[in-house]
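Student: Here you go, one structure.
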Amino acid sequence: MKLKTTVCAAALAAVALPAAAQESWDMPLAYSASNYHSENAAEFAACVTEGTGGDISITTHPGGSLFGGADIKRAIQTGQVPIGERLLSAHANEDPVFAYDNVPFLATSFDDAEKLAEIARPTIEEVLAEQNLTLLYSVPWPPQGLYFNKEVNAVADMEGVKFRSYNSTTAKLAELTGMLPVTIEAAEISQAFATGVAESMISSGATGYDRKVWESLSHFYEVNAWLPRNSVMVNSDVWAEVSDENKAVITGCADAAAAAGLEKAIAYTQFTMDGLAEGGMTVGPAGDALVEELKVIGETMAADWLETAGDTGAAIIDAYRAAN
Ligand code: PCA
């Protein structure tokens with residue numbers, strides 16, 4: 001009997017061990033499959049699957065197909081999914097520091113946005129750790145500009161325009177320019193513009209291009225207001241169970257994804273602005289008078305953010321300014 005038990009246990013272990021070691025991770029993404037963030041995440045997923053020899057295989061679910069953007073962070077925190085990607089600035093209600101990458105006219109180029117992100121990273125990691133989240137990598141969106149369905153030369157032209165916002169910073173911008181904000185996920189904006197639920201937004205050329213907004217909108221004004229980021233996070237309990245060897249593989253894939261994602265973002269910037277123009281939109285820099293007005297509004301927004309983000313926010317901005 002004793003022998004039999006031992007044999008059975010050994011046989012079980014032989015069968016069960018490899019199966020138990022293999023895990024499938026579903027990775028929800030909010031943005032369309034063809035967007036460079038999503039393509040980059042798919043490459044990251046393939047890197048992890050291959051690098052861990054299939055111990056951890058990641059499947060991406062783009063376009064909000066598994067969880068919509070607004071629900072992805074909570075889904076990771078609560079362990080509904082082990083990993084996912086989210087625009088962290090949309091969670092500034094949980095901690096204002098998440099909106100550090102939305103401070104108007106602070107970091108307006110890819111180089112500066114990278115510097116700012118590097119400086120903010122330890123703070124963001126700390127806040128995320130308290131929420132049971134581990135940051136793997138983040139990738140910027142191209143500079144943010146303004147979309148309209150008419151020519152706009154001054155803030156006065158924006159009065160009463162229905163404005164699609166993607167977080168509290170963008171809602172605030174609407175408020176300060178006399179527009180009417182409505183929060184809509186990128187996956188839903190084509191519909192929103194087609195039906196007139198929204199007539200304007202601030203976003204990158206990338207998102208307008210991905211959603212073919214030239215079907216409803218006529219103008220894209222380059223403003224370079226800020227470069228928000230998407231962050232890929234893993235549930236910290238899940239992460240704790242990953243072997244050191246596989247952790248090293250995943251971290252390596254994450255570092256590669258951060259670098260590749262940045263390159264993709266840079267390349268996608270001009271490509272998508274050209275695409276908007278080919279779609280029939282008027283694409284070009286915002287006029288000087290409009291820029292001046294937006295800068296004044298931007299100062300108010302930056303001051304508001306600093307007030308809510310307190311010493312933590314001030315420390316990030318001071319360190320960034322000192323480094324520049
Ligand atoms: N696209 C995303 C966030 C920033 C951007 O460029 C969006 O509009 O939802």
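Student: So Gln144 passes all but one of these: (1) touching a His at 6+ places or on another chain (Cβ under 6 Å); (2) under 21 Å from Gly69 (Cα atoms). Which condition number does it fail?
Tutor: Among (1) touching a His at 6+ places or on another chain (Cβ under 6 Å); (2) under 21 Å from Gly69 (Cα atoms), the lone unmet condition for Gln144 is (1).
Student: Let me ask another. Looking at the structure I just gave you, is Asn246 surrounded by 17 or more Cβ atoms within 10 Å (Cβ to Cβ), touching a helix residue (DSSP H, G or I) at 6+ places or on another chain (Cβ under 6 Å) and either of a type in the set (A, V, I, L, M, F, W, C) or closer than 27 Å to Glu39 by Cα (or both)?
Tutor: It is false that Asn246 is surrounded by 17 or more Cβ atoms within 10 Å (Cβ to Cβ), touching a helix residue (DSSP H, G or I) at 6+ places or on another chain (Cβ under 6 Å) and either of a type in the set (A, V, I, L, M, F, W, C) or closer than 27 Å to Glu39 by Cα (or both).
Student: I've got another one for you. Have a look at Glu175, Glu188 and point out the one that is without any contact (Cβ under 8 Å) to a residue 12 or more places away in the chain and within 12 Å of the ligand (Cβ to nearest atom).
Tutor: Step by step, each of Glu175, Glu188 is checked, and only Glu188 is without any contact (Cβ under 8 Å) to a residue 12 or more places away in the chain and within 12 Å of the ligand (Cβ to nearest atom).
Student: Separate question: Pick out the one residue from Ile124, Ile58 that is closer than 24 Å to Thr312 by Cβ and buried (at least 22 other Cβ atoms within 10 Å of the Cβ).
Tutor: Of Ile124, Ile58, the one residue that is closer than 24 Å to Thr312 by Cβ and buried (at least 22 other Cβ atoms within 10 Å of the Cβ) is Ile124.
Student: Looking only at helices (runs of 4 or more DSSP H) that fall completely inside segment 140-228, which ones have 3 or more residues that are farther than 17 Å from Pro285 by Cβ and open to solvent by 20 Å² or more (accessible area, probe 1.4 Å)?
Tutor: It comes to 168-176, 189-195.
Student: Give all pairs with beta carbons closer than 6 Å in which a residue from segment 31-53 that is closer than 17 Å to Gly63 by Cβ meets a residue that is open to solvent by 20 Å² or more (accessible area, probe 1.4 Å) and basic (Lys, Arg); count only pairs at least 6 apart in sequence or on separate chains.
Tutor: Listed by first residue and then by second, the contacts come to Tyr36/Lys264; Asn40/Lys264.
Student: If I filter segment 93-111 for residues that are out of contact with any helix residue (DSSP H, G or I) (no Cβ under 8 Å at 6 or more places or on another chain) and in contact (Cβ under 8 Å) with a residue 60 or more places away in the chain, do I get at least one hit?
Tutor: yes
Student: Select the helices (runs of 4 or more DSSP H) contained entirely in segment 1-108, then report the ones holding at least 3 residues which are modelled with pLDDT under 95.
Tutor: 2-21
Student: Among the candidates Ala257, Ala277, which residue alone is touching a strand residue (DSSP E or B) at 6+ places or on another chain (Cβ under 7 Å), without any contact (Cβ under 8 Å) to a residue 24 or more places away in the chain and assigned to a helix (DSSP H, G or I)?
Tutor: None of the other options fit; the residue is Ala277.
Student: Determine whether segment 255-271 contains at least one residue that is under 21 Å from Lys115 (Cα atoms), buried (at least 23 other Cβ atoms within 10 Å of the Cβ), away from the ligand (no atom under 15 Å from the Cβ) and at pLDDT 95 or above.
Tutor: Yes; the residues of segment 255-271 include at least one that is under 21 Å from Lys115 (Cα atoms), buried (at least 23 other Cβ atoms within 10 Å of the Cβ), away from the ligand (no atom under 15 Å from the Cβ) and at pLDDT 95 or above.
Student: If you check Val213 against the conditions, is it within 11 Å of the ligand (Cβ to nearest atom), closer than 30 Å to Val161 by Cα and modelled with pLDDT of 95 or more?
Tutor: Spelling it out, Val213 is indeed within 11 Å of the ligand (Cβ to nearest atom), closer than 30 Å to Val161 by Cα and modelled with pLDDT of 95 or more.
The values are calculated or read from the model by the stated rules, or taken from the named source; none is laboratory data. From a predicted model like this one, the values you see are computed outputs, not experimental measurements. Positions of Cβ are generated from backbone atoms using ideal geometry, with glycine treated the same way; all protein chains shown enter the neighbour counts. What goes into the accessible areas is simple: the full protein's heavy atoms, side chains included, and nothing from ligands, DNA or RNA. Shrake-Rupley method; radii C 1.70, N 1.55, O 1.52, S 1.80 Å.
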